[in-house]
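The values are calculated or read from the model by the stated rules, or taken from the named source; none is laboratory data. Bear in mind the structure is a predicted one, so any value in this text is a computation, not a measurement. In this analysis, Cβ positions are derived from the backbone assuming ideal geometry, glycine residues included, and neighbour counts consider all displayed protein chains. Note: areas computed on protein heavy atoms with side chains; ligands, DNA, RNA excluded. Shrake-Rupley method; radii C 1.70, N 1.55, O 1.52, S 1.80 Å.
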Amino acid sequence: MMKCNVTICGVVSKAAICRTNKEGKPFVTFSVAVVIPAKNGINKTIEVSVLKDGTLTEVGNIVTGQRIEAVGVLIPRKHGENMYYNMNATAVNTDTTVKEDSIVGQLEFRGKIGKTIDEKKSKKGEPYQMFSAYSATKAENGFEYIWVRLVRFNKEREAWLVPGCRITAKGELELSLYNDRLTFSCKVDELAEYVPQPYNHNA
């Protein structure tokens, strides 16, 4: 499970249209192009599909080429080699003064740690850990995996924190590019062992 509580800023790449859900309630959908800067090499543009409850009158006039901000929950999905980004917005600002593209906010993550956990110390002698973990979602032919790089500062390593264990984590989200591939990183504020509860068919 990956859920990003974020604010995105970018340029509308597909103008807003209004539709209705199964209950007959209206919603507005549009796409936003967001440029992710590369530390080295060429920047990458991702397309975020945004959905906002309400009508075009309520949400505002959203047209192609317009710079906007949107606040809400962004869910990344992987299908084969492709990544998809769907956002359920709670607010849309069509009068932003922000000139640079960005995705900033918090990541909520549940997954499984990879093969290694690096233990280090800062210049001040404070301990921290660096490790990667993956979130798995069901796909047609098995599972799809999204990896996240996690860093946790100023914490001693717990006995349960070992390669292969399941965790939940929350913290600051960072998106970056490596070899033209988008990578997710998280500066962890909260970390806990995840123990799946046994299924109770009588519950």
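With respect to Val35, determine if the residue is of a type in the set (Val, Ile, Thr), touching a strand residue (DSSP E or B) at 6+ places or on another chain (Cβ under 7 Å) and more than 30 Å from Cys165 (Cβ to Cβ).
Yes.
Give just the number: which of (1) closer than 16 Å to Leu175 by Cα; (2) loosely packed, with under 14 Cβ neighbours inside 10 Å does Ser132 not satisfy?
So Ser132 meets the others, but not (2).
Can you tell me which of Glu140, Glu193 is more than 19 Å from the chain's Cα centre (by Cα) and at pLDDT below 95? Spell out the reasoning first.
Working: Glu193 fails: at pLDDT below 95.
Step by step, each of Glu140, Glu193 is checked, and only Glu140 is more than 19 Å from the chain's Cα centre (by Cα) and at pLDDT below 95.
Search segment 138-166 for residues that are among the hydroxyl-bearing types (Ser, Thr, Tyr) and pair each with any residue that is surrounded by 13 or more Cβ atoms within 10 Å (Cβ to Cβ) when their beta-carbon atoms are under 9 Å apart and the residues are at least 6 apart or on different chains.
Close Cβ pairs satisfying both conditions: Tyr145/Lys78; Tyr145/Gly111; Tyr145/Tyr134; Tyr145/Ser135; Tyr145/Ala136; Tyr145/Thr137.
Report, by residue number, each residue of segment 143-172 that is among the hydrophobic types (A, V, I, L, M, F, W, C) and either open to solvent by less than 30 Å² (accessible area, probe 1.4 Å) or in contact with a strand residue (DSSP E or B) (Cβ under 6 Å, 6 or more places away or on another chain) (or both). Steps first, please.
Of segment 143-172, the ones among the hydrophobic types (A, V, I, L, M, F, W, C) are 143, 146-148, 150-151, 153, 159-162, 165, 167, 169.
The answer is Phe143, Ile146, Trp147, Val148, Leu150, Val151, Phe153, Trp160, Leu161, Cys165, Ile167, Ala169.
Quick one: would you say Thr116 is in contact (Cβ under 8 Å) with a residue 24 or more places away in the chain and exposed (fewer than 11 other Cβ atoms within 10 Å of the Cβ)?
On the way: in contact (Cβ under 8 Å) with a residue 24 or more places away in the chain: yes; exposed (fewer than 11 other Cβ atoms within 10 Å of the Cβ): yes.
It is true that Thr116 is in contact (Cβ under 8 Å) with a residue 24 or more places away in the chain and exposed (fewer than 11 other Cβ atoms within 10 Å of the Cβ).
Which residue is surrounded by the fewest Cβ atoms within 10 Å (Cβ to Cβ), if the candidates are limited to segment 49-66 and must be out of contact with any Ser or Thr (no Cβ under 6 Å at 6 or more places or on another chain) and in a strand (DSSP E or B)? Break it down stepwise before answering.
As a first pass, look at segment 49-66 and keep what is out of contact with any Ser or Thr (no Cβ under 6 Å at 6 or more places or on another chain): 50, 52-59, 61-66.
This time we only want the ones that are in a strand (DSSP E or B), so: 50, 52-53.
On the way: Val50: 26, Lys52: 23, Asp53: 14.
Across segment 49-66, the extreme among qualifying residues is Asp53.
Scan Arg77, Arg67 and give me the residue that is over 25 Å from Ser135 (Cα atoms) and charged (D, E, K, R).
None of the other options fit; the residue is Arg67.
Out of all the residues in segment 37-72, which are within 21 Å of the chain's Cα centre (by Cα) and under 21 Å from Thr20 (Cβ atoms)?
Once the filter is applied, which keeps residues that are within 21 Å of the chain's Cα centre (by Cα) and under 21 Å from Thr20 (Cβ atoms), segment 37-72 yields Ser49, Val50, Leu51, Lys52, Asp53, Ala70, Gly72.
Restricting attention to strands (runs of 3 or more DSSP E) lying wholly within segment 87-203, give those where 2 or more residues are among the hydroxyl-bearing types (Ser, Thr, Tyr).
Working: elements: 102-121, 127-139, 142-153, 166-178, 181-193.
Those strands (runs of 3 or more DSSP E) span 102-121, 127-139, 166-178, 181-193.
Give the residue that is farthest from Ala139 (Cα to Cα), with candidates limited to residues of segment 72-109 that are touching a Lys or Arg at 6+ places or on another chain (Cβ under 9 Å), hydrophobic (A, V, I, L, M, F, W, C) and surrounded by fewer than 17 Cβ atoms within 10 Å (Cβ to Cβ).
Going through the qualifying residues, I end up with Val98.
Just name the residue that is modelled with the highest pLDDT out of those in segment 166-190 that are of a type in the set (A, V, I, L, M) and closer than 16 Å to Ile36 by Cα.
As a first pass, look at segment 166-190 and keep what is of a type in the set (A, V, I, L, M): 167, 169, 173, 175, 177, 182, 188.
Narrowing further to those that are closer than 16 Å to Ile36 by Cα: 173, 175, 177, 182.
Numbers: Leu173: 97, Leu175: 92, Leu177: 85, Leu182: 87.
So, considering only residues that are of a type in the set (A, V, I, L, M) and closer than 16 Å to Ile36 by Cα, the one modelled with the highest pLDDT is Leu173.
Please determine, by comparing only the residues of segment 73-86 that are assigned to a strand (DSSP E or B) and closer than 20 Å to Ala38 by Cα, which one is nearest to the chain's Cα centre (by Cα). Give the derivation first.
Let us first name the residues in segment 73-86 that are assigned to a strand (DSSP E or B), namely 73-79, 82-86.
From what is left, the residues that are closer than 20 Å to Ala38 by Cα are 76, 82-85.
Numbers: Pro76: 6, Asn82: 15, Met83: 11, Tyr84: 11, Tyr85: 8 Å.
Applying the filter and picking the extreme gives Pro76.
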